[in-house]
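Comments concern the structure below.
The values are calculated or read from the model by the stated rules, or taken from the named source; none is laboratory data. Fair warning: this is a prediction, and the values are worked out from it, not measured in the lab. A quick note on method: Cβ atoms are made from the backbone with ideal geometry, for glycine too, and the neighbour counts reach across all protein chains shown.
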Amino acid sequence: MSAAAATFKPATEAAPRSGARLVVSTLEKLGVEVLFGYPGGAIMPIYDALAGSKLRHYLCRHEQGAAFAADSYARVSGKVGVCMATSGPGATNLVTGIANAMLDSIPMVCITGNVAQGVMGMDAFQEVDILGVTLPIVKHSYLVRHAADIPAVIEEAFHIARSGRPGPVLIDLPKDVQFEMTSEPRGIHLSNETYIAEGAVIAQAEAAIRAAKKPVLYIGGGAKISGAVEAVREFARMTGIPQVSTLNALGTIPTGQDNFLGMLGMHGTRAANEAVQESDLLIVVGARFDDRATGKLAEFAPHAGVVHFDIDPSEIGKLRKVAVGVTGDLKPNLEALNASLAAGPAIAVNDWADRWRAQSIAQAFDYNAPGEGVFAPQLLNELSKKAGPGFIAACDVGQHQMWVAQYCEFSRPQAHVTSGGLGSMGFGLPAGIGAKLAEPDACVVTITGDGGVMMNIQELATVNRFKIPLKIILLDNSRLGMVRQWQEFFFERNFSEVDLSDNPDFVKVAEAFGIEAFRIDSRDQVSAGIDRLLACEGPILAHVIIDPEDNVWPLVPPGKNNAEMLEGAR
Amino acid sequence: MSDTIHIQIDRADGALQRLIGLVERRGFFIDGIDMASEGAALNIAMTVRGRDAGRCIDNLGLQIDRLIGARRISNDAAFRSAAA
């Protein structure tokens, strides 16, 4: 045996690998296929290791776009979204996207590079304490100090991101850790626990439901997140109890189902809000009594007891006292409740349900508006009908977001991607990218406004670069419409800083990015425009001109209860 | 009214900052804090007071319990144990 041969290590001993290579190999091991990001100095070793890997990296044109795309990818695919950025400005540009994921409980892992540990705390170039910056908006975070910890940290981060109540996890990797060579990565053992409530608690919930005369099922985004959609639908079918939904839960009950009254809250339906106000029991599944849903909390559902199902014990009783709190995974707990209900006599709430079904039909949204201009609600309704069951709406934030919620038809919760908790303008375009990559066969339509689209318009370059066949409807009222609406009603028409009439020509902008685009100016162009949009095989943008004075109705004024809805004239 | 919460939490980057930030963000004043390390953990006694009547110490306990790395939490009334 030669001396050189003797230096070979035994086959069982792994060759030393850099921290950066461990990042990539661990992501591959975890089944990550898609990630979004933007390189820079402090994350260059990872980008170096990325070349030649099986991971598909989508280079966005701003880190916020990368974070939003990862968030949306997670919402639609059900997988953990992954985004990466460098230190300093790269990391801080992720912050809004991280907060967005936190507020809507979206599983996301964000990997940031940072300066080497030796200069940390010395105000080094592009040094920011991103761990400190993001502490309030992450489910958890890590500063990794040894390369050997990388596989365990990443695996644990994925586990934390998707388990229990999901949320974003940040992993900050100093540059020296990315370069560090190690042959003995630390292992980890993770258990997948399911939290199921005790049978006695389910029995209490059942008893409360059986005793109620005017129950309402109040569905939140947790139903989708926990995979409990079918259990919720079964409960609704079996009991006939009227159902209302938060913004983030739309689609859990398909639009148009008999006892589904629509969205509750500030821009909810009159039937949904009035049924809740009159109810004697709210069965709350995966919702957190968000103020946009409850209106004035002290006057929300004043006669109702609450049975609250949630994975997060800190949500139960946080804002509303409950009669029965059922902590744990929604799916097994609702399945247990359904089994128990099925074994007993049928729930008898027909009169109550019939009344609200009739009211819901009588007060259905009106698709007619005077004039020749484009009426956005009608356009959106026609769009969702023509797009069919494969439709996914990736919304921006503002008036159009509420019109989508009110007028589009959703057959599943993944079909409605919206920034609910944070309400972050700029979400729509990168959200469309993430959704389309998550479900390539779906008809994904970004619905945005002239305010929101300008906040991440650079992502048109991402759409073009990867030839992502995303459809974009840009509803342009040359205003910050929702702010304008509030100024009209609550600030004595003092229209302060809402005029965007100097917007660029969005058709030319899209074309400059290499994307087909056209304009819709009048109502008679709407149907043909939707047809063109849906028929296009590549990315396409429809620039739709709407009336700056169109408002979102109904509206619960701030500080009022949900029964005090305003209905406006169109 | 003040309550003293006893928390044992993994010693990790940002652990103390995370805890203090959470308590303040959830609407509590921190009137006092004592801390000692014990192996890989920090033992913390924190005296807190709600900013208004709407702040519930039990709910704060549940929020702290959600922190990854929180091992044990109890107040003087031993309202909750996160320990397995």
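Okay, here's what the table says:
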{"read-out": "Residue in the stretch A:222-241 that is touching a Leu at 6+ places or on another chain (Cβ under 7 Å), within 30 Å of A:A85 (Cβ to Cβ) and either part of a loop (DSSP other than H, G, I, E, B) or among the hydrophobic types (A, V, I, L, M, F, W, C) (or both) present", "value": "yes"}
{"read-out": "Residue that is nearest to the other protein chains (Cβ to nearest Cβ) [pool: residues in the stretch A:131-152 that are surrounded by 21 or more Cβ atoms within 10 Å (Cβ to Cβ) and closer than 12 Å to A:V177 by Cα]", "value": "A:L143"}
{"read-out": "Among (1) surrounded by fewer than 16 Cβ atoms within 10 Å (Cβ to Cβ); (2) farther than 28 Å from A:N93 by Cβ; (3) among the acidic types (D, E), the one test that A:E488 misses", "value": "(1)"}
{"read-out": "Residue selected from the stretch B:2-27 under the condition more than 13 Å from A:S141 (Cα to Cα) and small (G, A, S), by the criterion nearest to the other protein chains (Cβ to nearest Cβ)", "value": "B:G21"}
{"read-out": "Test: residue in the stretch B:39-60 that is under 20 Å from A:G167 (Cβ atoms), surrounded by 15 or more Cβ atoms within 10 Å (Cβ to Cβ) and at pLDDT 95 or above", "value": "no"}
{"read-out": "Sole exception among (1) within 20 Å of the chain's Cα centre (by Cα); (2) more than 14 Å from chain B (Cβ to nearest Cβ); (3) closer than 15 Å to A:V232 by Cβ for A:F309, by number", "value": "(1)"}
{"read-out": "Near pairs, Cβ below 8 angstrom, 6+ apart or cross-chain, from the stretch B:53-74 (within 11 Å of chain A (Cβ to nearest Cβ) and without any contact (Cβ under 8 Å) to a residue 24 or more places away in the chain) to any residue that is among the acidic types (D, E) and in a loop (DSSP other than H, G, I, E, B)", "value": "B:R66/A:D312"}
{"read-out": "Candidate set from the stretch A:260-281 (those that are part of a loop (DSSP other than H, G, I, E, B) and touching a strand residue (DSSP E or B) at 6+ places or on another chain (Cβ under 6 Å)); member that is farthest from A:H308 (Cα to Cα)", "value": "A:T269"}
{"read-out": "Close pairs from the stretch A:155-167: first within 12 Å of chain B (Cβ to nearest Cβ), partner in a helix (DSSP H, G or I), Cβ under 6 Å, at least 6 apart", "value": "A:G167/A:M102"}
{"read-out": "Long-range neighbours under 9 Å by Cβ, at least six apart or interchain, first residue more than 18 Å from A:V24 (Cβ to Cβ) within the stretch A:171-192, second of a type in the set (S, T, N, Q) and surrounded by 13 or more Cβ atoms within 10 Å (Cβ to Cβ)", "value": "A:L190/A:S163; A:N192/A:S163"}
{"read-out": "Qualifying residue in the stretch A:259-279 (condition: touching a Lys or Arg at 6+ places or on another chain (Cβ under 8 Å), aromatic (F, W, Y), surrounded by 21 or more Cβ atoms within 10 Å (Cβ to Cβ) and over 21 Å from A:G199 (Cα atoms))", "value": "no"}
{"read-out": "Helices (runs of 4 or more DSSP H) (entirely within the stretch A:34-113) containing at least 3 residues that are in contact with a Cys (Cβ under 8 Å, 6 or more places away or on another chain)", "value": "A:63-77"}
{"read-out": "Sole exception among (1) touching an Asp or Glu at 6+ places or on another chain (Cβ under 7 Å); (2) within 14 Å of A:P242 (Cα to Cα); (3) not aromatic (F, W, Y) for A:V285, by number", "value": "(1)"}
{"read-out": "Any hit, the stretch A:193-204, residues being within 11 Å of chain B (Cβ to nearest Cβ) and either surrounded by fewer than 20 Cβ atoms within 10 Å (Cβ to Cβ) or part of a loop (DSSP other than H, G, I, E, B) (or both)", "value": "yes"}
{"read-out": "Residue list for the stretch B:5-22, restricted to those being touching a residue at least 24 places away in the same chain (Cβ under 8 Å) and outside any helix (DSSP H, G or I)", "value": "B:I5, B:H6, B:I7, B:Q8, B:I9, B:D10, B:R11, B:A12"}
{"read-out": "Qualifying residue in the stretch A:121-134 (condition: closer than 27 Å to A:A461 by Cβ and among the acidic types (D, E))", "value": "no"}
